[in-house]
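The values are calculated or read from the model by the stated rules, or taken from the named source; none is laboratory data. This structure is a prediction, so every number in the text was calculated from the model and none was measured. Here the Cβ is made from the backbone with ideal geometry for all residues, glycine too, and neighbour counts use every protein chain on show.
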Amino acid sequence: MPPLVVGKPNLLDPDGFMKDVKDILATRHFTNVGPYALELERMAADYLQVKHVISVSNATAGLELALRAADFAPGSEVIVPSYTFVATAHAVATVGLTPVFCDANATSHLIDLASAEECVSDRTVAIIGVHLWGLACDADALDTFAERHGLRVMFDAAHAFGTDYTDGKKVGTRGSAEVFSMHATKLFNSFEGGLITTNDDELAHKCRIMRNFGISGQDVVSIVGTNAKMSEIHCALGIRHLAVIEKTKAHYRRLAQKYQECMAAEGLSAPAAILWNEPYLKVPGCTHSYVLVQLGDEFGHTRDEVMALLRDEQIFAKRYFYPGLHKLTPYAGSCGKRILPATDLLNERCLTLPTGTTVEEDDVARIVAALAKLSRDKTSSPTRTIGPGDHDTSALNARLQDIQLQKKKLLEEVAKLDHLQETISLTFATAPSKKWPIEDAATQSPSASKID
C-alpha cells in the first residue's frame, strides 16, 4: 500500500512552472524582488482585495517584520494562543517582545478571549489571533477586545490562505497585518515562502525596506533590516498555484466531506472520535486545509497509540503543536499558576490526518477504515513506540519507501535483462559452427589482406 502522509506537498501545473524556471534561468534574475515576485504580490493583492502584499522568505520572518514595523517598546508583552506552532511565539521573542500565552476554545481550537483577558497587563501592546485548520478567527471580537485594552491586532494566517471571514471578506484584510505561510506543507505553497498583507501604508513601507537589509535607496540604509526576500523561483511556483487556488480549495473541502461521510458509515462519532471539520462543513469560508480527529477514552486507544498503529498501515498521521507552547523549554513556567485546560486537552487528544491534492477519496476511506478497525480491536498494541524525532520524519519515511519500490522495479528489470542475456548466450553456444557472412566478407576483402 502506498504511504499516506500529512503535509505531502501539492505540486500543480509542473509543466508551466518548468517554463517559468527556464525563463528565470535565461534572464538570470533570481532574486531581489524581480518580475515574478512583483506579479505574485499583484495577484495576491487582487485575490485577497487588500492594499499591500509583501512577499517574504517565510511566514516566521514575515511575522517578525510586521512586529518590528509596529515599533513596540522592547520587553512589551504580546498575547499569543498556546495552541499554535512554535514559530508564532518565536517571532515575538526574536524581536525583543514577550509572548504571554492564553488558552484555546475547545471546539474551534481558536484563541479564547476569556482566557486572553487574564493575560492583559500594563505592558501588553498587542494580541495575535491565529487562524487554524483553514478556519478564521472572529476578527470583530478581537477588534473589540483590542480596542477595550488599547492593543494592536495582528494575525498569524499560516493555515488560512483562501479562507473567508464570516462577512465574506478574505483573511488577509484585517488587523494591522496578517501573515501567510507558503511552506511546502500548506494548501497554497511555493516550496517555501510567506506573504505579509496589510492596508497600513507605513507598515507596508517599513516591511519592504526591512526585508532587504533596511536598504531604502542606493547606498542608503535607513532602518535595521534582514534578508527576508523571496526568490523568483519560489514566486513562480506561487503564481502557478494561485492560478488554480479555487480548484485546490474545492479538493480539500471534498476530502473533509468524505471524512465525515466515511466516519458516519463506520459508526465513528463522539465521544469516541470527534471530527473537527464536521461543524465547519457548513461554514463556506473554511478551507479545511487540515483534517483532524479528537479521540476520547471511548475509542479504546490513546492518541499516541493510534498514531503508532496507523504507521503499521502506512498511514502517517501527526500530533500538531504538542505539548503546547507554554510547556516547551524556552517558555516553560511562563504561565505561572495560570492553567490552559483546553490547550492541554487538545494536545493530548487531537490527531491530524492526511489530506491535500495527493490524497483521493479512496485514500480517505482507507484511513477511516483503519481507524474504525482500531476502535473495534481495543487489544491492538503498537509494534514500537514513537520517539520525539519520529514526528518530524514521516515524509522522509514515505520517501524511503518510494525509493525502495523504485529499487524493486529496477531489480525486476535487471533480472529480465539477465534472463535475456543468458538466452542470447545460449543461442550462440548451441548455434552450428560456421562463419558469419560479415566474417567471410572481411577475409575476402583485398584491404583486409593488405592489413595482414
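Here are some notes:
- Residues in region 169-194 that are part of a strand (DSSP E or B) and surrounded by fewer than 24 Cβ atoms within 10 Å (Cβ to Cβ): Lys170 only.
- Looking only at region 316-339, residues that are surrounded by fewer than 16 Cβ atoms within 10 Å (Cβ to Cβ) and at positive phi come to 2 in all.
- Filtering Thr166, Thr173, Thr88 for residues that are at pLDDT 95 or above, of a type outside the set (Phe, Trp, Tyr), within 29 Å of Ala332 (Cβ to Cβ) and out of contact with any Ser or Thr (no Cβ under 6 Å at 6 or more places or on another chain) leaves a single hit, Thr88.
- Of the residues making up region 1-32, those that are at negative phi, among the acidic types (Asp, Glu) and in a loop (DSSP other than H, G, I, E, B) number 0.
- Among residues of region 255-276, those that are surrounded by 15 or more Cβ atoms within 10 Å (Cβ to Cβ) and under 18 Å from Asp363 (Cα atoms), counted: 11
Residue by residue, here is whether (1) closer than 26 Å to Lys169 by Cβ; (2) among the aromatic types (Phe, Trp, Tyr); (3) at pLDDT below 95 holds:
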site	(1), (2), (3)
Phe72	no, yes, no
Val78	yes, no, no
Thr98	no, no, no
Asn105	yes, no, no
Ala114	yes, no, no
Val125	yes, no, no
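- Qualifying residues in region 277-298 (those that are surrounded by 23 or more Cβ atoms within 10 Å (Cβ to Cβ) and hydrophobic (A, V, I, L, M, F, W, C)) - the one farthest from the chain's Cα centre (by Cα): Leu295
- Residues in region 206-246 that are over 22 Å from Asp46 (Cβ atoms), crowded, with 20+ Cβ neighbours inside 10 Å and among the charged types (D, E, K, R): Lys206 only.
- Hits in region 206-230 - residues which are among the polar types (S, T, N, Q) and touching a strand residue (DSSP E or B) at 6+ places or on another chain (Cβ under 7 Å): Ser222
- Just one of the listed residues (Leu203, Leu242, Leu195) is out of contact with any strand residue (DSSP E or B) (no Cβ under 7 Å at 6 or more places or on another chain) and either within 23 Å of Arg174 (Cβ to Cβ) or among the aromatic types (Phe, Trp, Tyr) (or both), and it is Leu242.
- Evaluation of Val224 against (1) within 29 Å of Gly285 (Cβ to Cβ); (2) in contact with a Gly (Cβ under 7 Å, 6 or more places away or on another chain); (3) not polar (S, T, N, Q) (one fails), failing number: (1)
- Subset of region 215-231 [of a type outside the set (A, V, I, L, M) and touching a Ser or Thr at 6+ places or on another chain (Cβ under 6 Å)]: Ser216, Ser222, Lys229, Ser231
- The test for being of a type outside the set (S, T, N, Q) and at pLDDT 80 or above holds for Leu374.
- Residue that is nearest to the chain's Cα centre (by Cα) [pool: residues in region 149-168 that are over 25 Å from Thr248 (Cβ atoms) and either in a loop (DSSP other than H, G, I, E, B) or of a type in the set (Gly, Ala, Ser) (or both)]: Leu151
- Annotation note: of Ser381, Ser394, the sole residue that is small (Gly, Ala, Ser), buried (at least 16 other Cβ atoms within 10 Å of the Cβ), modelled with pLDDT under 95 and assigned by TED's automatic domain parsing to the domain that holds Gln257 is Ser394.
- Boolean, Ala342 is in contact (Cβ under 8 Å) with a residue 24 or more places away in the chain, within 18 Å of Ala273 (Cβ to Cβ) and either surrounded by fewer than 20 Cβ atoms within 10 Å (Cβ to Cβ) or of a type outside the set (Lys, Arg) (or both): no
- Residue pairs meeting the criteria (Cβ under 6 Å; at least 6 apart or on separate chains; first under 20 Å from Ala158 (Cβ atoms), in region 308-321; second surrounded by fewer than 21 Cβ atoms within 10 Å (Cβ to Cβ) and modelled with pLDDT of 95 or more): Lys318/Thr352; Tyr320/Thr352
- Filter pass, Leu63 being within 18 Å of the chain's Cα centre (by Cα), part of a loop (DSSP other than H, G, I, E, B), hydrophobic (A, V, I, L, M, F, W, C) and buried (at least 16 other Cβ atoms within 10 Å of the Cβ): no
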